[in-house]
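Please treat every number below as a calculation from the coordinates, not as lab data. Since this is a predicted model, take the numbers as computed values, not measurements. Virtual Cβ from ideal backbone geometry, glycine too; neighbours counted across all protein chains shown.
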Amino acid sequence: MTFTFAVPPADPATAAAYFRNRLSVETDVSDVHADLSARTPGLVVVDSRGAAAWAQGHLPGAVHLPTAEIATRAADLIPPGSAVVTYCWGPGCNGATRAALEFARLGHPVKEMAGGFEYWAREGLPVVTEAGVTRRPVDDLTAPSTTITCDC
């Protein structure tokens, strides 16, 4: 008996549609880092965590907008027509998903950053703290230690 294919895989067209749809609403930390580094016009990265989490560390250039405040404050903080990427703590938290839903309801093109702040930090990318910009050592279980991207 095979466990992997106990349920037969989807036909290729169904699988292609599923994965394209998934990529239309998700991005990863490496791609966000590349776009922030390139200063991609119209991109706004939103940290949807609370004040204590923001103070502990956040992405350079991110806008702090907790999920509960998006409906009332987004118009003041996010330029019209901006593409939004949301993030929260990490894979064990669906806060970025809830934040992305709020932005979609407001009419913004939006993606959720898979891995959240946890994987940003674990991949050794810059983090802003009250003490300044810092980087953690790369966790070699999440990224190659010699480069920012995994070349996937």
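For this structure, a couple of remarks:
- If you go through segment 86-101 and keep only what is closer than 16 Å to Val25 by Cβ, free of Cβ contacts under 8 Å to residues at least 24 places away in the same chain and either in contact with a helix residue (DSSP H, G or I) (Cβ under 9 Å, 6 or more places away or on another chain) or assigned to a helix (DSSP H, G or I) (or both), you end up with Thr97, Leu101.
Condition check ((1) crowded, with 16+ Cβ neighbours inside 10 Å; (2) of a type in the set (S, T, N, Q); (3) in a strand (DSSP E or B); (4) more than 16 Å from the chain's Cα centre (by Cα)) across all residues:
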position: Val45; (1), (2), (3), (4): yes, no, yes, no
position: Arg49; (1), (2), (3), (4): yes, no, no, no
position: Ala55; (1), (2), (3), (4): no, no, no, yes
position: Pro60; (1), (2), (3), (4): no, no, no, no
position: Thr72; (1), (2), (3), (4): no, yes, no, yes
position: Ala75; (1), (2), (3), (4): no, no, no, yes
position: Val84; (1), (2), (3), (4): yes, no, yes, no
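- Any hit, segment 62-69, residues being out of contact with any Lys or Arg (no Cβ under 8 Å at 6 or more places or on another chain), over 19 Å from Trp120 (Cα atoms) and β-branched (Val, Ile, Thr): no
- Residues of segment 28-43 that are of a type outside the set (D, E, K, R) and either buried (at least 20 other Cβ atoms within 10 Å of the Cβ) or assigned to a helix (DSSP H, G or I) (or both): Val29, Ser30, Val32, His33, Ala34, Leu36, Ser37.
- Segment 103-136, subset in a helix (DSSP H, G or I) and under 14 Å from the mean Cα position of the chain (by Cα), residue farthest from Trp89 (Cα to Cα): Phe103
- Residues in segment 1-18 that are surrounded by 11 or more Cβ atoms within 10 Å (Cβ to Cβ) and part of a helix (DSSP H, G or I): Ala15, Ala16, Ala17, Tyr18.
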